[in-house]
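So the structure is just underneath, and the comments pick up after that.
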Amino acid sequence: MPARIIQANDTPFTTVPVDPVTLDIIENALRNARIEMDATLVRTAMSPGIREQGDAFPLIADHSGKMIVGQFGSYIGPFLEGFDGTVEEGDMIFLSDPYSVGGAISHSNDWLVLLPVFKDGRLIAYTSMFGHQSDIGGMVPGSMPINATSIFQEGVRIPPVKIWKKGEYNEDLMKLVMHQVRTPDWCKADLNALIASCRVAARRVIEMAERFGDDVFVSATDLLLDRNHRAMKQLIESSIGEEPVSFEDYICDDGKGFGPYKIKCTMWREDGRVVLDFAGTDPQSQASINMFLNENMMRMFFGIYMIMVFDPQILFNDGYYDLIDVRIPEGSLLKPKFPAALSGRTHVLGRLFDILGGLLGQKTPEFLNAAGFSSSPHLFYAGTDRNGTWFQLFQIGFGGIPGRPLGDGPDGHSLFPGFTNVPNEFLERYFPLVIERYETVPDSGGAGLHRGGNGIDMVYRFLEPGVIAIHDDRWFVPPWGVNGGLPGARARKVLIKADGTEIVVGNKIEDYPVEPGDRLHFVTWGGGGWGDPLERDPALLAKELAQGLVTAQGALRYGVVLTAGGAVDAAATEALRAKLRAERGPIEVFDFGPDIATLRANCLAETGLPAPRQPQWVHQAEAAE
């Protein structure tokens, strides 16, 4: 049963003309309110994941629930459709369970606050913010167990409930929730920060409506949505063909020794709409790498990718959703059946951007990015220090961003542009560890006219006994290159024990013990290259050699010969490039590197880890019995 909106004043808003200057003022005021939400959050949250890295996402929506400004698209529609209750003035909704809201949030660590904004008895807007909690209970510190087979193992699940009801705070609810988590001080502070952010934005909305009038404000939001719809419609007509195109990529493994898992999408234009059909995607995993992908979230991914690639000046909002038809098979990796585990969905989330790039670039390869939006590497470190104090680190790492039509991919950058690095000084001040090295890995970015970004080698020296967990991907299937660019290097994790023993550990491990003096090399992947590497300026390679971004050996991939002093040997370079051009075949749009069978055969020698085994789906296992 859908939610029931209770309004003291049910007079409908009247559509009125809005002049361009007023529309521009309201648009930018909304943008600023969204920025103020972020500023409020980072000044009041406590966990490093939110306060230092910005793992939280704001939203301001119109009175129907469509996002006007934000980042992740609106989840309000699915919430209203599935919430069996009332929405009244003075209410604030709190939730975290993906299955309760049709995947509107994708794992239980994301706590979401939704504030309906009333003015003079009428619902005029919504403000909302969700952020990743560093711990929500469950079977492991950090609440993202690789070995989970059910969402019940991943910590507290909060269905949509009212944390504020008609202006009254639900203190008992908070006591119940905080009793389930390992870091209640962080969680409570972060939740209050989410609430404060929503209230700040609500005040700004009311101020705008008071200044310009309710009808003008609502009409302006309608115009912003309509403008986005018209712009996206033109982009779709000019960039998406009627002939279906398909693309597939892989999640390397599930942390239980099985993989890779295929994600496939076919795209075409039909009756003015884009169809994104995920038929052919592998069935859901028995591990936690599933992602319950909400269709509106996928529409948002598609839209923001289109806008960023083709026309970044467009205000990103939800106005175009009716132009996108998303089809996801039930029981697949992208729409698992309850109670499938979801905590490791980050890898699928990142891979969706690579797949979108592969789809959109087939018609217009000049706009195509290489692969590299590939994962969001996580490190967890937890234990009890010598003073008997519990410590618990959750940190997001960065990899190489792909080579692009307009330049090199950034080295060691975040998947999401709003994320920032946790300062090493912060880590060393609040956790029992030392950061011995934080540097790019030379040559890890795929060679190309525009180089893929290098990965990062971050070396942690642990000072107290504890356990670590690692969530990363792109260690088996490399990030692909495009338009002649080469694949990027794969991720790698090496633990050097205090006695000097080196252990190659998996990129998905849980509860792995470490001792004082142990050092972890947390090496992330490089982005794929863009364009013919034999066309890259040799002088740029010489400069990058001096900067430590490439090596003399790595420069040979570009056909560039550097002397012992780092200068370009022009004659040797010209000869080598002529030889490489003669030996290679025609340039393909995509360079995926070796096929899966070859990757399996060479896996142990190349990575130090056994190859993942072919996944066994539930129905296959039952048939075998």
Would you check which residues across segment 471-506 are in contact (Cβ under 8 Å) with a residue 24 or more places away in the chain and either assigned to a strand (DSSP E or B) or over 21 Å from Gly412 (Cα atoms) (or both) and list them?
-> His471, Gly481, Val482, Asn483, Gly484, Arg492, Lys493, Val494, Leu495, Ile496, Val504, Val505
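Of all residues in segment 438-448 being touching a strand residue (DSSP E or B) at 6+ places or on another chain (Cβ under 9 Å) and touching a residue at least 60 places away in the same chain (Cβ under 8 Å), which is surrounded by the most Cβ atoms within 10 Å (Cβ to Cβ)? Explain how you work it out, then say what you get.
Taking segment 438-448 and keeping what is touching a strand residue (DSSP E or B) at 6+ places or on another chain (Cβ under 9 Å), we get 438-441, 444, 446-448.
Imposing the further condition that a residue be touching a residue at least 60 places away in the same chain (Cβ under 8 Å) reduces the set to 439-441, 444, 446-448.
On the way: Glu439: 13, Thr440: 20, Val441: 23, Ser444: 29, Gly446: 37, Ala447: 32, Gly448: 33.
Across segment 438-448, the extreme among qualifying residues is Gly446.
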How about segment 143-160: which of its residues are assigned to a loop (DSSP other than H, G, I, E, B) and either of a type in the set (Val, Ile, Thr) or farther than 23 Å from Trp186 by Cα (or both)?
-> Ile146, Asn147, Ala148, Thr149, Ser150, Val156, Ile158
When only residues in segment 214-237 that are charged (D, E, K, R) and over 10 Å from Gly319 (Cα atoms) count, which is most open to solvent (accessible area, probe 1.4 Å)?
-> Glu237
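Within segment 461-510, take every residue that is of a type in the set (Val, Ile, Thr) and surrounded by fewer than 22 Cβ atoms within 10 Å (Cβ to Cβ) and give me the one that is nearest to Ala382 (Cα to Cα).
From segment 461-510, those of a type in the set (Val, Ile, Thr) are 467-468, 470, 477, 482, 494, 496, 501, 503-505, 509; that's our starting set.
Filter once more, keeping what is surrounded by fewer than 22 Cβ atoms within 10 Å (Cβ to Cβ): 467, 494, 496, 501, 503-505, 509.
Details: Val467: 6, Val494: 18, Ile496: 18, Thr501: 22, Ile503: 20, Val504: 20, Val505: 18, Ile509: 14 Å.
In this case the residue turns out to be Val467.
Pull up segment 511-531, narrow it to residues that are at negative phi and open to solvent by 40 Å² or more (accessible area, probe 1.4 Å), then point me to the one that is nearest to the chain's Cα centre (by Cα).
Here is the first cut: in segment 511-531, the ones at negative phi are 512-516, 518-530.
Then keep just the ones that are open to solvent by 40 Å² or more (accessible area, probe 1.4 Å); that gives 512-513, 515-516, 519.
Working: Tyr512: 25, Pro513: 28, Glu515: 32, Pro516: 32, Arg519: 27 Å.
Among them, the one singled out is Tyr512.
Okay, residues lined up against (1) touching a strand residue (DSSP E or B) at 6+ places or on another chain (Cβ under 6 Å); (2) of a type outside the set (A, V, I, L, M, F, W, C):
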site: Arg31; (1), (2): yes, yes
site: Ile35; (1), (2): no, no
site: Thr44; (1), (2): no, yes
site: Gly54; (1), (2): no, yes
site: Phe72; (1), (2): yes, no
site: Tyr75; (1), (2): no, yes
site: Asp84; (1), (2): no, yes
site: Ala104; (1), (2): no, no
Every residue from segment 534-561 that is open to solvent by less than 10 Å² (accessible area, probe 1.4 Å) and either in contact with a strand residue (DSSP E or B) (Cβ under 6 Å, 6 or more places away or on another chain) or in a helix (DSSP H, G or I) (or both) | Leu534, Leu541, Glu544, Gly554, Ala555, Tyr558
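Results for (1) in contact (Cβ under 8 Å) with a residue 60 or more places away in the chain; (2) more than 22 Å from Ser134 (Cα to Cα); (3) β-branched (Val, Ile, Thr); (4) touching a Gly at 6+ places or on another chain (Cβ under 9 Å), shown as yes or no for each residue.
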| position | (1), (2), (3), (4) |
| --- | --- |
| Gly54 | yes, no, no, yes |
| Gly65 | yes, yes, no, yes |
| Gln71 | yes, no, no, yes |
| Phe83 | yes, yes, no, no |
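What residue, among those in segment 289-304 that are open to solvent by less than 20 Å² (accessible area, probe 1.4 Å) and over 12 Å from Phe72 (Cβ atoms), is modelled with the lowest pLDDT?
Going residue by residue through segment 289-304, those that are open to solvent by less than 20 Å² (accessible area, probe 1.4 Å) are 289-291, 293-294, 297-298, 300-303.
Filter once more, so that each one left must be over 12 Å from Phe72 (Cβ atoms): 289-291, 293, 302.
Working: Ile289: 95, Asn290: 96, Met291: 95, Leu293: 92, Phe302: 89.
The residue in question is Phe302.
Out of all the residues in segment 348-356, is one or more in contact with a Leu (Cβ under 7 Å, 6 or more places away or on another chain), modelled with pLDDT under 90, open to solvent by less than 20 Å² (accessible area, probe 1.4 Å) and under 19 Å from Asp473 (Cα atoms)?
As a first pass, look at segment 348-356 and keep what is in contact with a Leu (Cβ under 7 Å, 6 or more places away or on another chain): 348, 350.
Going one step further and asking which of them are modelled with pLDDT under 90, we end up with 350.
Next, only the ones that are open to solvent by less than 20 Å² (accessible area, probe 1.4 Å) stay: 350.
Next, from what is left, pick out any that are under 19 Å from Asp473 (Cα atoms): 350.
Within segment 348-356 (the criterion being in contact with a Leu (Cβ under 7 Å, 6 or more places away or on another chain), modelled with pLDDT under 90, open to solvent by less than 20 Å² (accessible area, probe 1.4 Å) and under 19 Å from Asp473 (Cα atoms)), the answer is yes, since at least one residue qualifies.
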Based on what the data block shows, is Ile124 open to solvent by less than 10 Å² (accessible area, probe 1.4 Å) and over 22 Å from the mean Cα position of the chain (by Cα)?
-> yes
Taking Ala564 as the residue in question, decide whether it is without any contact (Cβ under 8 Å) to a residue 60 or more places away in the chain, more than 29 Å from the chain's Cα centre (by Cα) and part of a loop (DSSP other than H, G, I, E, B).
-> yes
Which condition does Arg577 not pass, out of (1) in contact (Cβ under 8 Å) with a residue 40 or more places away in the chain; (2) open to solvent by 70 Å² or more (accessible area, probe 1.4 Å); (3) not hydrophobic (A, V, I, L, M, F, W, C), if it passes all the others?
-> (2)
Which residues, counting only those in segment 357-377, are at pLDDT 90 or above and farther than 21 Å from Val245 by Cβ?
-> Pro377
In segment 377-405, which residue that is touching a His at 6+ places or on another chain (Cβ under 8 Å) and in a loop (DSSP other than H, G, I, E, B) is surrounded by the fewest Cβ atoms within 10 Å (Cβ to Cβ)?
-> Pro405
Could you tell me which numbered condition Glu270 fails, if it satisfies all but one of (1) surrounded by fewer than 19 Cβ atoms within 10 Å (Cβ to Cβ); (2) within 21 Å of the chain's Cα centre (by Cα)?
-> (2)
Give segment 273-288 a look and list any residue that's open to solvent by less than 10 Å² (accessible area, probe 1.4 Å) and in a strand (DSSP E or B), or say none.
-> Val274, Val275, Leu276
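Given segment 36-142, what strands (runs of 3 or more DSSP E) lie entirely inside it while holding 3 or more residues that are not hydrophobic (A, V, I, L, M, F, W, C)?
110-119, 122-132
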Test: Ala382 is in contact (Cβ under 8 Å) with a residue 12 or more places away in the chain and touching a helix residue (DSSP H, G or I) at 6+ places or on another chain (Cβ under 9 Å) | no
Flag for Asp24 being assigned to a loop (DSSP other than H, G, I, E, B) and open to solvent by 30 Å² or more (accessible area, probe 1.4 Å) | no
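Select from segment 291-308 the residues that are hydrophobic (A, V, I, L, M, F, W, C) and under 15 Å from Ser106 (Cβ atoms) and list them in ascending order.
Applying the first criterion (hydrophobic (A, V, I, L, M, F, W, C)) to segment 291-308 yields 291-293, 297-298, 300-302, 304, 306-308.
Matches in segment 291-308: Met291, Phe292, Leu293, Met297, Met298, Met300, Phe301.
The values are calculated or read from the model by the stated rules, or taken from the named source; none is laboratory data. Fair warning: this is a prediction, and the values are worked out from it, not measured in the lab. Don't worry about glycine lacking a Cβ; one is built from the backbone with ideal geometry, like all the others, and counts go over all protein chains shown. SASA here: full protein model, heavy atoms, side chains in, ligands and nucleic acids out. Shrake-Rupley method; radii C 1.70, N 1.55, O 1.52, S 1.80 Å.
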